[in-house]
Amino acid sequence: DAGVIQSPRHEVTEMGQEVTLRCKPISGHDYLFWYRQTMMRGLELLIYFNNNVPIDDSGMPEDRFSAKMPNASFSTLKIQPSEPRDSAVYFCASSKRGQGFFGEGSRLTVL
Amino acid sequence: DAKTTQPPSMDCAEGRAANLPCNHSTISGNEYVYWYRQIHSQGPQYIIHGLKNNETNEMASLIITEDRKSSTLILPHATLRDTAVYYCIVRVLVSGGYNKLIFGAGTRLAVHP
């Protein structure tokens, strides 16, 4: 299995632009998580899905952030409009029965 | 939610055992203890998990005290590649049977020659 696949690995954009991060979970996993990591705040859980249904989005910082999971093999995290304080590494993870597997992350820089 | 407390940093000599402690005094009876590590800026990597009994796999051993209020992750023969941030996590059980992993600050382990 290829593991959790995230794209893009690096994204540099300007303030106000829309950013879309993508995630392909491991086949057969029924949970998908989006995390954000910064030096100041560490690893923060933003939202997670179970069987493609959003279960808890209490970690989403504000309305500029949205996440979707249209099917079992694909999820997106969108930021619109982006701001410099959104600069971070965004990780996607998938799991079945609790053992989470993480992707390599998407490093976002908003200028 | 059960919280965990870990030392911010530890050192270990290469080839020696690394013992990483974790306190989780408010853990409830059906919550598991998970350990992950993050090497540099890679994605966190699952190491091991347990409920009550000690566990061992090819990467590490997990020792959980009888009262379950603390645990120790043991890397039996640390190598330079084990230098990473190690996270002790209590798997949070929420209503509906769904669960999530909440990461704390972790322990930064430095393995030196």
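Every number in this text was worked out from the coordinates using simple rules, so none of it is lab data. Computed from a predicted model, the values in this text were never measured in an experiment. When we count neighbours, we look across all protein chains shown, and the Cβ atoms used for this are built from the backbone with ideal geometry, even at glycine.
Observations
- Legend: Rg and Dmax of the protein assembly as shown, from Cα coordinates, 17.8, 53 Å.
- For segment B:4-49, convex hull of alpha carbons as volume per residue, Å³: 111
- Footprinting exposure proxy for B:CYS22, B:CYS12 (fewest neighbouring C-beta atoms within 10 Å first): B:CYS12, B:CYS22
- Spatially proximal aspartates and glutamates relative to B:LYS100 (Cα-Cα < 12 Å; intrachain offsets below 8 disregarded): A:GLU44, A:ASP56, A:ASP57, B:ASP1, B:GLU31
- Any cysteine of chain B lacking a neighbouring Cys Cβ under 4.7 Å - listed by number: B:CYS12
- Distance between the 7 Å Cα→Cβ label points at A:GLU14 and B:ASN54: 6.1 nm.
- Fully extended contour minus Cα-Cα distance, from B:ILE63 to B:ARG108, at 0.36 nm per residue: 14.3 nm
- Neighbour net charge for A:THR20 - beta-carbon separation under 12 angstrom, K R +1, D E -1: +1
- Paramagnetic label reach from B:THR72 (point 7 Å along Cα→Cβ; backbone nitrogen cut-off under 14 Å): within segment B:1-40, residues B:17-23.
- Viscosity 0.890 mPa s, 25 °C: Kirkwood-radius Stokes-Einstein D of segment A:57-111 over Cα pairs, µm²/s: 192
- Pairwise Cα distances in chain A exceed 25 Å for 14 percent of all pairs.
- Calculated FRET efficiency for the pair B:ASN30/A:GLN80, C-beta based, R₀ 41 Å, to 0.05: 0.55
- In plain terms, the residue of B:ARG91, B:ARG81 with the fewest other Cβ atoms within 10 Å comes first and the most crowded comes last, giving B:ARG81, B:ARG91.
- log₁₀ of I(q)/I(0) at q = 0.18, 0.23, 0.30 Å⁻¹ - segment A:1-48, Debye sum with one point per alpha carbon: -0.76, -1.08, -1.20
- 5 Å-binned pair-distance histogram of segment B:1-105 (Cα, whole percent): 2, 12, 24, 25, 20, 10, 4, 1, 0, 0
- Here the extension length gained between B:ARG81 and B:GLN45 equals 11.6 nm, from 0.36 nm per residue of separation less the Cα-Cα distance.
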